[in-house]
Amino acid sequence: MIANWIAVSGANLKSAVMLPLSLKQLEKMHFVHFLSTTLQEHRLDPELFIFEISDTAGLLHMEAVEKMLGMMRHLGVRLAINGLGTDNLSLRRLHQLPVSLFRIDAALVKGVTHDRDSRVMVKMIIALAKGLNATVVAEGVDSINQKNTLTDMGCLIMQGGLFSSPVAGHQFTRTLAEEICREPIQPVS
């Protein structure tokens with residue numbers, strides 16, 4: 001489907017695609033090989049892919065997983081930690097992972113306009129991401145007040161109901177074609 005989006009956009013797709021990544025996938029030794037082969041076969045730019053790790057509690061003592069993440073990063077794909085601020089991943093451990101993107105959990109974003117503790121946590125995550133030369137994304141942005149507050153804090157990449165509700169892949173293909181070409185294009189099969 002991603003190759004289809006690139007074809008529809010005339011190779012001008014600049015936005016990355018975020019894909020979930022589970023520890024079970026990382027435990028399978030062939031996963032990185034499969035990823036590498038897929039990227040090469042479809043001539044896909046690895047920078048277009050961000051693999052999002054949600055179950056970070058399992059990353060605490062897993063050297064093999066850390067090695068797999070390093071291999072993935074070597075391929076050129078980016079790695080994200082989802083829900084930063086909602087689990088017990090230590091700062092020391094976080095520093096050891098080849099992560100290039102942090103996602104601020106929607107629960108913290110929800111309170112950013114009216115809850116002092118949420119604001120402090122969000123500011124800390126933004127500062128941490130910037131200090132580690134990582135990108136930060138706020139998830140669950142549903143109001144203009146949240147957007148403005150996050151922008152003032154230095155978070156410039158956001159997602160949530162304020163921007164779009166989730167869409168199916170085929171709908172994204174149609175929207176992408178209409179936005180780029182201003183006329184519907186038939187998907188590549």
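The values are calculated or read from the model by the stated rules, or taken from the named source; none is laboratory data. The structure presented is a predicted model; accordingly, all values stated were derived computationally and were not measured. All Cβ positions, even for glycine, are placed from backbone atoms using ideal geometry, and neighbour counts span all protein chains on display.
Residue 76 passes every criterion in (1) of a type in the set (Gly, Ala, Ser); (2) at pLDDT below 80; (3) within 18 Å of the chain's Cα centre (by Cα) apart from (2).
In segment 2-48, of all residues being farther than 18 Å from residue 71 by Cβ, of a type in the set (A, V, I, L, M, F, W, C) and in a loop (DSSP other than H, G, I, E, B), the one that is modelled with the highest pLDDT corresponds to 16.
Within segment 157-165, identify whether any single residue is of a type in the set (Ser, Thr, Tyr), loosely packed, with under 14 Cβ neighbours inside 10 Å and at pLDDT below 90, and answer yes or no. Let's see the steps before the verdict.
First pass over segment 157-165, keeping only residues of a type in the set (Ser, Thr, Tyr): 164-165.
Among the residues that remain, those that are also loosely packed, with under 14 Cβ neighbours inside 10 Å are: 164-165.
Filter once more, so that each one left must be at pLDDT below 90: 164-165.
Checking segment 157-165: at least one residue is of a type in the set (Ser, Thr, Tyr), loosely packed, with under 14 Cβ neighbours inside 10 Å and at pLDDT below 90.
For (1) surrounded by fewer than 17 Cβ atoms within 10 Å (Cβ to Cβ); (2) more than 20 Å from the chain's Cα centre (by Cα); (3) modelled with pLDDT of 90 or more, each residue gets a yes or a no:
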site: 115; (1), (2), (3): yes, yes, yes
site: 118; (1), (2), (3): no, yes, yes
site: 137; (1), (2), (3): no, no, yes
site: 145; (1), (2), (3): yes, yes, yes
site: 151; (1), (2), (3): yes, no, yes
site: 183; (1), (2), (3): yes, yes, no
site: 189; (1), (2), (3): yes, yes, no
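Sort through 174, 103, 92 and tell me the only one that's on the phi < 0 side of the Ramachandran plot, more than 19 Å from the chain's Cα centre (by Cα) and either at pLDDT 95 or above or surrounded by 12 or more Cβ atoms within 10 Å (Cβ to Cβ) (or both). Just one listed residue meets the conditions, 174.
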